[in-house]
Amino acid sequence: MSLVLHGYWRSGTSYRTRIALNLKGLAYTQSTHDLRKGEQKDDSFTALQPQGLVPALEVRPGFVIPQSVAILEWLEETCPAPALLPGNADERALVRAMCAMIGSDVHPLNNLRILKYLKGEFGQDQAAIDHWAQHWIAEGFAALDRMIERYGADYAYGTTPTLVDCYLVPQVYSAERFGSDLSEYPALMAAYERASSHPAIVAAHPDKQPDAD
Ligand SMILES: N[C@@H](CCC(=O)N[C@@H](CS)C(=O)NCC(=O)O)C(=O)O
């Protein structure tokens, strides 16, 4: 299997995907699409991902998976060890719910195209944009903190890394960039600190990527 991750070093969803690939111990190469230059909208990339959003995982010629949630689920199905989902259905549902708190209810509201739209269509300045991002992060993190308090041990869910860590670590990175106050989420931040020192997760950090500047 020769995997190509189409992404961008600072993209949270690319970061999420790199964490899962690294935790699974899979080799991959990266093809960068510079979001600052709008390269995600180039025809060569929208031929692979019609939305023009990174990431996309090229598995083999002619087979590309768009959407990080689909990529992560595909990785879990095709490379089951080490497992990033627990063994029983109840627990898997909880892990997926915790992922969705970030993946469905926080990240999409803070995505580049949303923020650009707020700026361009509604004339919002950077302070208003940061306020907007901080608001949705605070709402999502408050709920997730309670879930981690209840279900986390060393990691956000249980004692080993799960898909929740793939979502959590990049979202904290993003929250820090938006200037969020993270002191109100002790369980979440403890899980973040634990996960972000895992070697596979360290290696996925944006600053360590070949396209980082
Ligand atoms: N639901 C998508 C979201 C992907 C996404 O929002 N990617 C961002 C980077 S984190 C992007 O490509 N933004 C480019 C843009 O907004 O034009 C996924 O999880 O893959």
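Some values worked out for this structure:
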read-out: Dipole-positive endmost among GLN124, PHE178, ALA190 within segment 89-200 (Cβ charges, Cα centre); value: GLN124
read-out: In Hz, Karplus ³J(HN,Hα) per residue of segment 113-126 (6.51, -1.76, 1.60; θ = phi - 60°; x = Gly, Pro); value: 5, 5, 5, 5, 5, 4, 6, x, 7, 10, x, 6, 8, 4
read-out: Accessible surface, per residue, of segment 129-213 when the full set of protein chains is kept, probe 1.4 Å, Å²; value: 46
read-out: Eligible aspartates and glutamates near LYS116 by straight Cα distance, threshold 15 Å, same-chain separation 8 or greater; value: ASP125, ASP130
read-out: Computed magnitude of the charge dipole of segment 129-176 (debye, nearest 20; Cβ of K, R +1, Cβ of D, E -1); value: 160
read-out: Separation between Cα centres of segment 126-186 and segment 50-76, rounded to whole Å; value: 24
read-out: Set of lysines with alpha-carbon distance to LYS208 below 25 Å, sequence-local pairs under 8 removed; value: LYS24, LYS37, LYS41
read-out: Estimated FRET transfer efficiency when R0 is 30 angstrom, pair ASP154-ASP34 (beta carbons, to 0.05); value: 0.25
read-out: Prolate/oblate/rounded call for the chain, Cα gyration tensor, a/c under 1.5 rounded; value: oblate
read-out: Dipole of the chain, positive direction: furthest Cα of VAL106, PRO210, PRO86, with charges on the beta-carbon; value: PRO210
read-out: Karplus-derived 3J(HN,Hα), 6.51/-1.76/1.60, for each residue of segment 199-212, Hz, glycine and proline x; value: x, 5, 7, 4, 5, 8, 4, x, 5, 9, 8, x, 8, 5
read-out: Among 134-144, 79-89, 153-163, the order from most to least packed when residues are scored by Cβ within 10 Å on average; value: 153-163, 134-144, 79-89
read-out: Integer Hz, Karplus 6.51/-1.76/1.60 couplings in order for segment 177-182, x for Gly and Pro; value: 5, 7, x, 5, 8, 9
read-out: Amide proton proximity set for LEU3, modelled H, under 5 Å, gap of 5+; value: THR29
read-out: Per residue, in Å², the accessible surface of segment 3-81 once ligands and nucleic acids are set aside, probe 1.4 Å; value: 43
read-out: Accessible surface of segment 50-106 [probe 1.4 Å, protein heavy atoms]: carbon and sulfur percent; value: 58
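The values are calculated or read from the model by the stated rules, or taken from the named source; none is laboratory data. Since we're looking at a predicted model, the values are computed, not measured. Glycine also receives a Cβ, built like all others from the backbone with ideal geometry; neighbour counts cover every protein chain displayed. To get the accessible areas, we keep the full protein, side chains included, count just its heavy atoms, and leave off ligands, DNA and RNA. Shrake-Rupley method; radii C 1.70, N 1.55, O 1.52, S 1.80 Å.
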